[in-house]
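The values are calculated or read from the model by the stated rules, or taken from the named source; none is laboratory data. Fair warning: this is a prediction, and the values are worked out from it, not measured in the lab. Using ideal geometry, Cβ is built from the backbone for each residue, glycine included, and neighbour counts are taken over all protein chains shown. These area figures cover heavy atoms from the full protein model, side chains too; ligands, DNA and RNA do not enter into them. Shrake-Rupley method; radii C 1.70, N 1.55, O 1.52, S 1.80 Å.
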Amino acid sequence: MARTSGAKKATKKKPNSFEIFRKKLVDNQTEILNLYERDLKVGQEASDDGTEDIVDRANNSYNREFMFALSDAERQMLLEIEDALERLDGGEYGSCLNCSDTIPKARLRAVPWTRYCIDCQEQAEQGVILEA
Ligand SMILES: [Zn+2]
C-alpha cells in the first residue's frame, strides 16, 4: 500500500513506542481466551453429569448464568482488544478516536484497549458520543 505523502510532515511518533502495549493487549487477549475455554469445559462437564441432585442443579444454573454474564463482558473486551490491535497495526493506536488527541501513556497503561482520551471517554459514558 502506498502512503499518501504530503499533508502531514514528519510525524513525531516513534513507530515502536506503542509496541509495549501490543504485548499487554495480547496477554489480556490470551488470558480471556483461556478463561473462556475453561468455562466451556466446565459447562460441558456440568451438563454431562446426569446424577446431580436438586441442590447441585440449582448451583449449576447459577454458575452458568454467572459465566454467561462474565463471558458477555469478556467478549466485549475481546472485541475492544482486537480493535486496539488493528489500530496498532494501522499506526492509529494511541490517538483518541473522537478528538484525535494523543491518549496519555498512563491511561494506555491502565486501559491499553481504550479508544478515547479521558474527556471523550466521559462523554461516551454520558452518551454524547455514539460508539460505532
Ligand atoms: Zn478525545
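Odds and ends about this structure:
- Amide H contacts under 5 Å for residue 95, placed H, 5+ residues apart: 103
- Gain upon complete extension [residue 122, residue 89; 0.36 nm per residue less C-alpha separation]: 9.3 nm
- Using the Cβ-Cβ distance between residue 23 and residue 101 with R0 set to 22 Å, the FRET efficiency works out to roughly 0.35.
- Whole-Hz ³J(HN,Hα) from phi, Karplus 6.51 cos²θ - 1.76 cosθ + 1.60, for segment 73-87, glycine and proline x: 4, 5, 4, 4, 5, 4, 4, 5, 5, 4, 4, 4, 5, 5, 5
- Accessible-area value, residue 108, 1.4 Å probe, nucleic acids and ligands omitted, Å²: 0 Å²
- In order along segment 19-28, phi translates into HN-Hα couplings of 4, 4, 7, 4, 4, 4, 5, 5, 4, 4 Hz, rounded to whole numbers, per the Karplus curve 6.51 cos²θ - 1.76 cosθ + 1.60 with θ = phi - 60° and x for Gly and Pro.
- Among the protein heavy atoms, those of residue 20 account for about 110 Å² of accessible surface (1.4 Å probe, every chain in place).
- Of 118, 81, the residue with the largest accessible area leads and the full order is 118, 81 (1.4 Å probe).
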